[in-house]
Amino acid sequence: MVGAVQEVRELNGFDAIGYEYDRTAVMTTKPPRAEEEKWYEEEIDDDLKLCYKLNSVLHRGTSKYQEIALIDTKHFGKALIIDGKMQSAEVDEFIYHESLVHPPLLFHPNPKTVFIMGGGEGSAAREVLRHNTVQRVVMCDIDEEVVDFCRTYLSANWAAFASDKLCLIINDARHLEKSREKFDVIVGDLADPMEGGPCYQLYTKSFYEHVVKPKLTDRGIFVTQAQNSFSFTAGAKERAPPPDPTTHGRLLSPASVEAPDPPVRPSSGEGVAKIRVPRAVGRKEGGAIIGGGEKGALSHDGEKGAPPSRWREGAVGEEGGSQERKEAGPAGVLTHREVFSSIYNTLRHVFKYVKAYTAHVPSFADTWGWVMASDHPFNLSAHQIDERIKERLDTELLYLSGESLISSTTLNKSVYKSLQNETHVYTEDDARFIHGHGRAHLLT
C-alpha cells in the first residue's frame, strides 16, 4: 500500500483524508463476527476472482446504459462500481488520477484547454483544475445518470463540478470530432473495451488518427489509460465466451443487504455549463452495455461544498487551446499484453513520440499503465517537473514528484521487451477486449 491514510467515512461521499495516520490500527481492530459476511467479488478471469469484504452497500442504481453502486469495503474504504467492475477506491484513487492527469499537463509548456473523454465521476476534472494555467475544461460523458450520481455521492469532487471553468457535455466521446476547438491536452478516462460494446472503438488507430490528433494544438498531448484487466497474456489462452447477459456487469446483492436511502442533495451551488447532445449511441446490444463510464473514481482530498443543482446552460466555445489525451491499463508482467502493449503500439503508428509509464494501484491488485503521445518530445528533467509543480499547483501532489514520474517511465525488462516487440494494431476488426464482471454476495 502506498502511504498510510486516515479514512473519514460519510454516507454522502468522500471527504478529506489525512496522511498522518497509522492504518494498521484500523486493520487489526476486528469487529465482532456477524452471522453473515458481505463480500464484493470481481471476476478477473474464468479461474481467477478478487474478493473484497464489505461493511455495506451504500447505494445501487441503474442508468440507461449501466449499473452503478457505491460500496464500503473493509480494506479500501468506499469504492465506485460500474457494471460490476471496480472503478476506484477512496484510499488509493489519487494514484490513478494523479498518474492519468498530471504527466501530460506538466510536460505541456502552457496547458490552457483540456478535453476529457469520459471522466463522469469528476475526479479527472478535479485534478486538471488544480493547474493554474488551465482556463477551460470540457468533459464529455455519455451517461448523465452516472454524472448525477457522482455529483451527489462523491463530495470530494463537488468543487470541480461547481467550477465555472468546466463545461460538461452529455454525449458519446466521439463528440470531440464535431468540436471546432482544439485542445492542449486530451485525456482518455474511458470504460474498458468490452466485447459487444462500442467503447473499444475509442482505442483504435482510426480514432486516434482521424479524431484525436486533429483536435490537438501544435504542442498538444494525448494521454490514455491502456485498460484495466486481470486477464492474462492475450493469445496465451483461448478467449472466454461473452458472459451471460443476465448476469454480466451487475452488482448483485440479496435482499438482506439493504442500501440506505441516498442523501438529500443540497439545493445550492452552480457553475458548470452543461450541454445535452442527442445521443447517437447508448443502448444495450446482446447483453453488453454500450455507453460511457470510466475507470478510476473516488477522491481523497477535495474541497467540501454543496454539489451544484442548477446547470447553467452553455455552449462549446469556438476558440481555444490544444489537446492531450491519456489512457491507462493493466501493465503487470502477466497482464500487460492484454491491451497495454497494443495501445502503445497503435499510438506509435499515429504520433512521433509515445511514452509509456506505470504505477501500482493496490485496489486494482496490479500494476497500471498509461500512455502519452505527442508530435513533440517529452524531454523534461525531474528538477524541471518539480519546478512546474511548484509554479502551477497550489497544493502538493500526494503521489507524483519529478523523480517518481521519470522513474515510472522505466519499465521492467519483460514489459519493455513486449512493448518494443508488439505488432498488434488496435482496429475495429482486430480488437482486444477485457474480461470479467463483479457481484456482491453473502458469505456465511
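The values are calculated or read from the model by the stated rules, or taken from the named source; none is laboratory data. This is a predicted model, so every value here is computed, not measured. Heads up, the Cβs are rebuilt from the backbone with ideal geometry, glycines too, and the neighbour counts pull from every protein chain shown. When the accessible area is computed, the model is the full protein with side chains, heavy atoms only, and any ligands, DNA or RNA have been set aside. Shrake-Rupley method; radii C 1.70, N 1.55, O 1.52, S 1.80 Å.
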Checklist entry - Which value, in nm² and rounded to one decimal, describes the direction-averaged projected area of the C-alpha convex hull of the stretch 115-168? => result 3.2 nm²
Item to check | Apportionment of accessible area to carbon and sulfur, the stretch 32-79, percent (1.4 Å) | outcome: 46 percent
Checklist entry - Among Cys150, His108, Met139, whose Cα lies farthest out toward the positive end of the dipole of the stretch 108-156, if unit charges sit on the beta carbon of Lys, Arg (+1) and Asp, Glu (-1)? => result His108
Next on the checklist: Under 5 Å between amide hydrogens, which residues at least 5 positions from Val350 or on another chain qualify, with H placed 1.01 Å from N in the peptide plane?
Outcome noted: none
Checklist entry - Under the Karplus relation 6.51 cos²θ - 1.76 cosθ + 1.60, θ = phi - 60°, what is the ordered set of whole-Hz ³J(HN,Hα) values for the stretch 156-167, x standing for Gly and Pro? => result 5, 9, 4, 4, 5, 5, 8, 5, 6, 7, 9, 10
Next on the checklist: When only alpha-carbon atoms are used, what values of Rg and Dmax, in angstrom, describe the stretch 132-213?
Outcome noted: 14.0, 40
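Can you give the Rg to Rh ratio for the stretch 142-185, taking only C-alpha atoms and Rh from Kirkwood?
Values: Rg = 12.4 Å, Rh = 12.1 Å.
Rg divided by Rh gives 1.02.
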Checklist entry - What's the FRET efficiency of Lys417 with Lys64 using the Cβ-Cβ distance as r and R₀ = 35 Å, to the nearest 0.05? => result 0.20
Checklist entry - When you count, for each residue, the other Cβ atoms within 10 Å and take the mean per peptide, how do 359-366, 95-102 rank with the highest first? => result 95-102, 359-366
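Compare Phe351, Phe107 by solvent-accessible area with a 1.4 Å probe and give them largest first, with all protein chains kept in place. Please list the in-between numbers first.
Working: Phe351 10, Phe107 35 Å².
Ranking Phe351, Phe107 by accessible area, largest first, yields Phe107, Phe351.
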Next on the checklist: Please list, in order along the stretch 399-404, the HN-Hα scalar couplings obtained from phi with the Karplus expression 6.51 cos²θ - 1.76 cosθ + 1.60 (θ = phi - 60°), rounded to whole Hz, x for Gly and Pro.
Outcome noted: 10, 8, 9, x, 5, 5
Checklist entry - Once you put a point 7 Å from the Cα of Lys178 and another 7 Å from the Cα of Leu397, both along the Cβ direction, what distance in nm separates them? => result 3.5 nm
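Once you have the Cα-Cα distance between Trp39 and Glu428, take 0.36 nm times their residue separation minus that, and quote the gain in nm to one decimal.
Working: separation 389, 0.36 × 389 = 140.04 nm, distance 3.66 nm.
Residue separation times 0.36 nm, minus the Cα-Cα distance, leaves 136.4 nm.
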Next on the checklist: Show me the ranking of peptides 394-405, 180-191, 212-223, 74-85 by mean Cβ neighbours inside 10 Å, starting with the highest.
Outcome noted: 180-191, 74-85, 212-223, 394-405
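Just want to confirm a number: the relative contact order over the stretch 38-164, from Cα pairs under 8 angstrom separated by 6+ residues, in percent.
Over the stretch 38-164, the number comes to 16 percent.
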Next on the checklist: Could you order the peptides 43-49, 147-153 from most to least packed, using the average number of other C-beta atoms within 10 Å per residue?
Outcome noted: 147-153, 43-49
Checklist entry - At a probe size of 1.4 Å, how large is the accessible area of Arg60, to the nearest 10 Å²? => result 90 Å²
